[in-house]
Protein chains: 2
Amino acid sequence: MNIPSSNTPNEVLSTIMNHRSIRKFKDERLKPAQIETIVRAAQMAASSSFMQAYSIIGLTDPALKRELREITNTPYVEENGHLFIFCADLQRLTIMAAEQEKQDMKATLESSAFCQIAIVDAALAAQNAVLAAESLGLGTVIMGSVRKDIRRLDEMLGLPEYVIPLFGIAVGVPDQQPEVKPRLPLDAVYFENRYASEAEQRERIDSYDREISQYYHTRSENNRQDSWSRQHIERLKMKHPLTEMTDYLHGKGMSVN
Amino acid sequence: MNIPSSNTPNEVLSTIMNHRSIRKFKDERLKPAQIETIVRAAQMAASSSFMQAYSIIGLTDPALKRELREITNTPYVEENGHLFIFCADLQRLTIMAAEQEKQDMKATLESSAFCQIAIVDAALAAQNAVLAAESLGLGTVIMGSVRKDIRRLDEMLGLPEYVIPLFGIAVGVPDQQPEVKPRLPLDAVYFENRYASEAEQRERIDSYDREISQYYHTRSENNRQDSWSRQHIERLKMKHPLTEMTDYLHGKGMSVN
C-alpha cells in the first residue's frame, strides 16, 4: 500500500486542523439528510467490544429547547440548526436479556469500569459527528452545560436506567468565524514511554500560559486578561454542586464504586 | 456560505464510513512526522472549558510493549507501527497552583463529574487521532484491554495522581482488510426528543440481532454463530475483577463519589 506522506494535505486533516467551536448560527434548520449523515457517521466510530454503548437524542421540541436554554443560560442551546444530546447507554445491552440474566449482569453494568467504557464510546461517536458536520460546511459546539440540571434533562428525555446524558452538540450554519485557539505545546500532552516530570511540565505550561495570555489579549472577540492555568485554577477552586451529580448517577446505576 | 449537500461525497465522510479496526499490521514503524500529525490532530478536538484534560503516551520501548502484549494476550499490542496510550488527565490543571490552591481544588478534581469530563476529552481527541491516521492510509485499533492490569500499566508509564490510562490505539500499515461491520439500526441509537420505549427498542434490536448473526456467519474471517445481544449478555453475566479497578481509581483521586 502506498502511504501518503504526513505532509500531504488532505481534507480530513484540514477539517480537523481548522476546528473551532461555533456559538452563533444562522436561522436555518438542518435538513433530514444532514441529520442522518451526521448520525450514521457517529455510528461508524469504534466501540468497546462492539457494544455501541451510547444513544443520541435530537432535541427539536421548541418548548424543551427553550427550557434548556433557560437552564444553561446559553442562547445557542436554542438557536441552532439542530441539537443533539449524547448519552452513555448500557441499557440497550440488557433489552434481550431474561430477568435472571439482568440480575446476573448487574454487577458488571453498575461498575465504574463499564460506566467509563460507555462514556468513551459516546465521545468517540460524538467526534465523528462533529467532523461529519464540519465536512458538510456546518459548525458545532459541544456543551457540557446541558447537565446543569441533570435530573430535569433526564426527565425531559425520558432516559431509562443505565442511560445518562453527557453533553449536547449544537450544529448549524456558522454565523461567526472565531480564530483557531492555540493548543498546549505538543510536548506537554505527548510523552514517550513515561509521563514527564513535574519540572518539565511546569516549564511547558508556563510557556503556554504566556502564549495563551497573548492570544486572549489580542483576539478579535471576547478578549480578556487571563492565562490557561489561572483560569482553570480559579474555576476549580470554587465549590461546585457535585454531590447532586453523584446522587443522580447512583440512582441510574452508573458510575458506582 | 454554500453548504454542500449531505449526499456530496467528501473525504471526511468516506474516511469515517470506511472505518474498520485493523488488528494486523506490516512491520513498518510510523515516521516521526506521522506521529506528530496524529498527535496534533488529536489536540484539535474540542475539550470541556478548554481544559485539554488528557495526555497521550507513545509506547516505543520494546520491553514494555512485550510485557503489555503478555498482559493483554494480543499480538498487535506489540506488532504495530506505533502504540499510543490515551489517558484522562486532570493533573496538568494543578501544576501551576499553589499548595493551598491544590487543596481547594481537591473536591472538584476528585468528583465523578470531572472524571467523566476528562474521559470525554480524551476520547474526543482519540477519535481525531484515529481519523488522522486513517487519512494517512494507516489502520488503527482501539484497545481497552491495555487496562487488564491497570496498576502495572500505571507503573510502567509513571502516571501521577489524577492521570489514569483509558485505552491504547495501535496504528500501522494495514496487513488485512476486514469487512465494515454493520452498526445498530439508526432508529435504535437515534431518537427525537424522547428515548424510545422498551417495546420499540426490543423490535429494533431483534432485527439487528438477525442481521449481525448473518454477518458473523458469512464474513470471511473469524466467522461464528452469535447475535449481538447474546454475545454481550453472556459476557456481562460473567464475573469481572471490578473492585480492583475501583480501588485503583480511588488511589488516583479519580471517579470517587
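Numbers for the structure displayed
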{"read-out": "Failed item, numbered, when A:Thr246 is tested on (1) open to solvent by 80 Å² or more (accessible area, probe 1.4 Å); (2) within 8 Å of chain B (Cβ to nearest Cβ)", "value": "(1)"}
{"read-out": "Options B:Leu186, B:Leu131, B:Leu153, B:Leu136; residue that is modelled with pLDDT of 95 or more and within 30 Å of A:Lys102 (Cβ to Cβ)", "value": "B:Leu186"}
{"read-out": "In the range A:205-254, the residues that are farther than 25 Å from B:Ser55 by Cα, among the small types (Gly, Ala, Ser) and free of Cβ contacts under 8 Å to residues at least 60 places away in the same chain", "value": "A:Ser220, A:Gly251"}
{"read-out": "Which listed residue, of B:Ala53, B:Ala33, is within 29 Å of A:Leu184 (Cα to Cα) and touching a helix residue (DSSP H, G or I) at 6+ places or on another chain (Cβ under 9 Å)", "value": "B:Ala53"}
{"read-out": "Conditions (1) out of contact with any His (no Cβ under 7 Å at 6 or more places or on another chain); (2) part of a helix (DSSP H, G or I): number failed by A:Ile85", "value": "(2)"}
{"read-out": "Strands (runs of 3 or more DSSP E) completely within the range B:108-193 that count 1 or more residues being more than 7 Å from every other protein chain (Cβ to nearest Cβ) and within 20 Å of B:Ala46 (Cβ to Cβ)", "value": "B:163-172"}
{"read-out": "Scan of the range A:76-104 for residues that are open to solvent by less than 10 Å² (accessible area, probe 1.4 Å) and either at pLDDT below 95 or of a type in the set (D, E, K, R) (or both), ordered by number", "value": "A:Asp89, A:Arg92"}
{"read-out": "Pick from the range A:201-230, criterion assigned to a helix (DSSP H, G or I) and open to solvent by 80 Å² or more (accessible area, probe 1.4 Å), ranking: farthest from B:Ala98 (Cα to Cα)", "value": "A:Thr218"}
{"read-out": "Any hit, the range B:17-28, residues being open to solvent by 20 Å² or more (accessible area, probe 1.4 Å) and under 25 Å from A:Gly172 (Cβ atoms)", "value": "yes"}
{"read-out": "Residue, farthest from the chain's Cα centre (by Cα), within the range B:9-59, restricted to residues that are of a type in the set (Ser, Thr, Tyr) and facing chain A (nearest Cβ under 8 Å)", "value": "B:Ser49"}
{"read-out": "Odd one out for B:Ala53, checked against (1) touching a Gly at 6+ places or on another chain (Cβ under 9 Å); (2) among the small types (Gly, Ala, Ser); (3) surrounded by 20 or more Cβ atoms within 10 Å (Cβ to Cβ)", "value": "(1)"}
{"read-out": "Given (1) within 26 Å of B:Ile119 (Cβ to Cβ); (2) among the charged types (D, E, K, R); (3) under 24 Å from the mean Cα position of the chain (by Cα), number of the condition A:Arg194 does not satisfy", "value": "(3)"}
{"read-out": "Unique residue being open to solvent by 10 Å² or more (accessible area, probe 1.4 Å) and either assigned to a helix (DSSP H, G or I) or under 19 Å from B:Lys148 (Cα atoms) (or both) when the list is B:Ala41, B:Ala63, B:Ala46", "value": "B:Ala63"}
{"read-out": "Restricting the range B:88-105 to residues that are without any contact (Cβ under 8 Å) to a residue 24 or more places away in the chain and part of a helix (DSSP H, G or I), the residue that is farthest from the other protein chains (Cβ to nearest Cβ)", "value": "B:Glu99"}
{"read-out": "Residue that is farthest from A:Met143 (Cα to Cα), among those in the range B:114-156 that are surrounded by fewer than 24 Cβ atoms within 10 Å (Cβ to Cβ) and among the small types (Gly, Ala, Ser)", "value": "B:Gly137"}
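The values are calculated or read from the model by the stated rules, or taken from the named source; none is laboratory data. Source: prediction; values computed, not measured. Cβ: placed from backbone, ideal geometry, glycine included. Neighbour counts: every protein chain shown. Each accessible area value is taken on the protein alone, full model and side chains, heavy atoms only, with ligands, DNA and RNA left out. Shrake-Rupley method; radii C 1.70, N 1.55, O 1.52, S 1.80 Å.
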